[in-house]
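The values are calculated or read from the model by the stated rules, or taken from the named source; none is laboratory data. Quick caveat, the model's predicted, so the values are computed rather than measured. Cβ sites come from the backbone with ideal geometry, for glycine too, and all protein chains shown count toward neighbours. Calculation scope for accessible area: heavy atoms of the full protein, side chains included, ligands and nucleic acids excluded. Shrake-Rupley method; radii C 1.70, N 1.55, O 1.52, S 1.80 Å.
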Amino acid sequence: MKKNISSRLEAAINDQINAELWSAYLYLSMSMDQEAKGNKGFANWFFIQFREEQDHARIFMNMINSRGGEVKLQPIAEVDTEWESPLAAWEDTLKHEQIVTGRINDLMKIAKEENDYASESFLKWFVDEQIEEEESARDIIDILEKIGDNKYGLYEYDKELGARVYTTPSPLAADAE
Ligand code: FEO
């Protein structure tokens with residue numbers, strides 16, 4: 001297929017695929033840390049996040065493929081393996097998602113500079129997704145700050161986050177139709 005994407009945007013999206021896979025690895029590490037500490041519900045929340053980040057990488061891979069570009073996978077950097085509390089893990093989650101939001105905005109800027117309207121339209125889903133990613137981390141941080149060191153509160157909240165279920169993100173669900 002003839003390439004229908006600028007080399008600049010193709011390279012930036014390949015970097016983003018690496019960032020999404022790194023995010024997946026980060027959340028898998030948080031999930032395993034919570035599992036080791038007996039917080040099965042928190043571990044479940046991070047495991048679903050791990051799956052969603054792999055989906056994000058897949059959505060970007062599909063985009064490059066559909067435009068005749070080439071996906072080039074890069075090494076995944078090391079992640080932390082332990083957080084001192086669930087609150088610390090979600091504070092890192094929020095910080096990380098804010099960085100990802102900046103990266104998505106940078107991709108949008110490149111697409112605009114290249115007059116690539118198809119990529120702008122594609123990236124819009126990620127712009128909206130990042131609002132949700134940051135909001136859910138903020139909501140959980142607020143609740144964990146209220147719970148503080150209350151063991152019963154943490155037990156109940158762990159149960160609540162254990163109820164989170166995985167759903168296929170809409171761009172992949174549409175591909176599967
Ligand atoms: Fe892929 Fe959490 O953003």
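Sort the following peptides by mean Cβ neighbour count (other Cβ atoms within 10 Å, averaged over residues), highest first: 79-88, 60-69.
60-69, 79-88
With every protein chain kept in the model, how would you rank TRP125, TRP90 by accessible area, 1.4 Å probe, largest at the top?
From most accessible down to least: TRP125, TRP90.
Report the FRET efficiency, 1/(1 + (r/R0)^6), for GLN74 and LYS3, where r is their Cβ-Cβ distance and R0 is 22 Å, rounded to 0.05.
For R0 = 22 Å, the calculated efficiency reads 0.65.
Leaving out ligands and nucleic acids, note down the accessible area per residue over the chain with a 1.4 angstrom probe, in whole Å².
55
Through the Karplus equation 6.51 cos²θ - 1.76 cosθ + 1.60, θ set to phi - 60°, convert the phi angles of the stretch 117-130 into ³J(HN,Hα) values in whole Hz; use x for Gly and Pro.
5, 4, 6, 4, 5, 4, 6, 4, 4, 6, 4, 5, 4, 5
Got a sec? What order do TYR25, TYR166 fall in by accessible area at 1.4 Å, biggest, i.e. largest, first?
Listed by decreasing accessible area, they come as TYR25, TYR166.
Among the lysines, select those whose C-alpha is under 29 Å from the C-alpha of LYS95, and discard any that sit fewer than 8 residues away in the same chain.
In chain and number order, the partners are LYS37, LYS40, LYS72, LYS109, LYS112, LYS124, LYS146, LYS151, LYS159.
Remind me, what semi-axes does the chain give for its equivalent ellipsoid, largest first in whole Å, using sqrt of 5 times each Cα gyration tensor eigenvalue?
33, 15, 15
Taking all protein chains in place and a 1.4 Å probe, what share, in percent, of the accessible surface of the chain do carbon and sulfur account for?
Carbon and sulfur atoms account for 52 percent of the accessible area of the chain.
Pick from ALA77, ALA24, ALA12 the residue whose mean-square fluctuation is largest in a GNM of the chain, springs joining Cα atoms under 10 Å.
Highest fluctuation of the listed residues: ALA77.
Summing -39500 (n - 2.57) over the DSSP H runs of n ≥ 4 in the chain and dividing by its residue number, what mean residue ellipticity at 222 nm do you reach, to the nearest 500 deg cm²/dmol?
Theoretical 222 nm ellipticity from helices: -26500 deg cm²/dmol.
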